[in-house]
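A.B. asks: The structure follows.
Every number here is computed from the coordinates shown, using simple stated rules; none is lab data. What you are looking at is a predicted structure, and each value in this text was computed from that prediction instead of being measured. Glycine also receives a Cβ, built like all others from the backbone with ideal geometry; neighbour counts cover every protein chain displayed.
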Amino acid sequence: MRQEIGGDRAGLRHAPARTRRWLALGIALLAANATFDASAHSASRQKLVLSTTIHASAAQVWALVGDYNNWQRWLPMVERTGEAGDGKSPGALRTLVLKDSGSKIVESLDAIDDAAMTLKYRIREVDINVFPVNTYSSTITVRPNGAADSTVEWRGAFFRADQNFDPPEKYNDDTATAAVSSLYSAGLANLKKVAEQAGR
């Protein structure tokens, strides 16, 4: 015996109006519940923006930030940049070798604008036990702040490392945000130090 889930459509058309209204309401409630369940189980995109004022000209700071293949000059957790492209073309890859663990993070350049002093990049490969994020992209911008000072803004967008429902603590939203915040805070603090020392 074959049973069709849809039932007799002609019979539904001839059902009383009250029955049809209850059926429509039931379908609407099921759809709403399915939407709610989907959103409850999906990871949300996190965003973070940090900035700092540096007592050095924007040109001096951009000489450090815009040198895409040599961020070890100011990013304290980076030992060196391994394999790297030209540092100017969209899609150019670089491999950051970290000091403490020797782990590698592969990143690609999305865009670089020397006139606007803006650089955009994203992570292509990372050990989530070292940097617990997923689908990470970032923009860092240097702006003049008077004649001798500058403001650097570093912003990122990312998902937690584990995008399943109820991930372990080491892979959740709070841990991902804390890791990115730590990177930006340490990076901006050391950039300020290096740029200001070079400007003396």
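A.B. asks: Could you tell me the largest-minus-smallest coordinate of the C-alpha atoms of region 63-111 on each of the three principal axes, in descending order and whole angstroms?
C.D. replies: 30, 21, 13
A.B. asks: Would you please calculate the Kirkwood hydrodynamic radius of region 124-200 over all C-alpha pairs and express it in Å, rounded to one decimal?
C.D. replies: Details: mean 1/r = 0.0705 Å⁻¹.
Evaluated over region 124-200, this radius sits at 14.2 Å.
A.B. asks: For Lys192, give me every one of the aspartates and glutamates with a C-alpha distance below 18 angstrom, ignoring sequence neighbours fewer than eight places off in its own chain.
C.D. replies: Asp67, Asp149, Glu153
A.B. asks: Let me ask something else about it. Using a Förster radius of 30 Å, what is the FRET efficiency between Arg143 and Ser101 based on their Cβ-Cβ separation? Nearest 0.05, please. Mind dumping the intermediate values first?
C.D. replies: On the way: r = 34 Å, r/R0 = 1.12.
E between Arg143 and Ser101, to the nearest 0.05, is 0.35.
A.B. asks: Let me ask something else about it. For region 31-154, what is the convex hull (Cα atoms) projected area averaged across all directions, in square nanometres?
C.D. replies: On the way: hull surface 39.9 nm².
Convex hull of Cα atoms, orientation-averaged projection: 10.0 nm².
A.B. asks: Using θ = phi - 60° and the Karplus form 6.51 cos²θ - 1.76 cosθ + 1.60, what ³J(HN,Hα) does each residue of region 150-167 get, whole Hz, x for Gly and Pro?
C.D. replies: Using θ = phi - 60°, the values come out as 8, 10, 10, 10, 10, 10, x, 9, 6, 10, 5, 5, 9, 8, 6, 5, 6, x Hz.
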